[in-house]
Amino acid sequence: MTAHAAGSTPAVPPMPERNPKGLRAAIAQHAPQLLPDFDEHWKREIADTFDIGPLPAFMARWWGEYAIARDPDLDAHMADLHHRATESTDIAESMALFEEASRIRYRVRDMEPGQ
């Protein structure tokens with residue numbers, strides 16, 4: 001998940017500060033397709049309830065979603081993994097594809113701001 005080579009697709013933007021405001025701004029700028037779901041989830045789980053208890057889970061989910069969506073190659077790879085897993089008639093193959101997607105999700109959740 002490093003910047004792409006010069007001359008290919010644009011560089012992958014760095015991860016933002018790990019807070020809702022920074023994450024929302026990064027989503028709005030680099031992955032706007034996620035913004036409606038991010039805002040609805042924020043409103044439903046945090047803003048309307050005045051409860052910050054779900055905030056760590058909210059941040060974990062959207063941190064990973066943004067980390068994948070900001071990188072077009074990684075986003076396409078994840079979509080391909082899910083598509084192939086759901087289309088496969090071989091359960092072992094499907095499980096292996098979903099496990100690969102899961103490993104990627106676990107890896108990106110540990111990314112730090114600036115990476």
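The values are calculated or read from the model by the stated rules, or taken from the named source; none is laboratory data. No experiment lies behind these values; they were computed from the predicted model shown. Heads up, the Cβs are rebuilt from the backbone with ideal geometry, glycines too, and the neighbour counts pull from every protein chain shown.
Would you check if Phe58 is of a type outside the set (D, E, K, R) and part of a helix (DSSP H, G or I)?
Taking the combined requirement at face value, the residue satisfies it.
Under the condition of being among the β-branched types (Val, Ile, Thr) and assigned to a helix (DSSP H, G or I), which residue from the stretch 64-115 is nearest to the chain's Cα centre (by Cα)?
Filtering the stretch 64-115 for residues that are among the β-branched types (Val, Ile, Thr) and assigned to a helix (DSSP H, G or I), the one nearest to the chain's Cα centre (by Cα) comes out as Ile68.
Against the conditions (1) farther than 16 Å from Gln115 by Cα; (2) surrounded by 14 or more Cβ atoms within 10 Å (Cβ to Cβ); (3) β-branched (Val, Ile, Thr), where does Val12 fall short? Just the number, please.
The single condition Val12 does not satisfy is (1).
Under 6 Å by Cβ, and 6 or more places apart or on different chains, what pairs join a residue from the stretch 60-77 that is among the basic types (Lys, Arg) and crowded, with 16+ Cβ neighbours inside 10 Å with one that is assigned to a helix (DSSP H, G or I) and modelled with pLDDT of 95 or more?
Matching pairs, first to second residue: Arg70/His30.
Does Pro20 qualify as being more than 15 Å from the chain's Cα centre (by Cα) and either over 17 Å from Gly114 (Cβ atoms) or of a type in the set (Lys, Arg) (or both)?
Against the criterion (more than 15 Å from the chain's Cα centre (by Cα) and either over 17 Å from Gly114 (Cβ atoms) or of a type in the set (Lys, Arg) (or both)), Pro20 does not qualify.
In this structure, does Arg18 turn out to be in contact (Cβ under 8 Å) with a residue 12 or more places away in the chain, in a helix (DSSP H, G or I) and among the basic types (Lys, Arg)?
In short, no.
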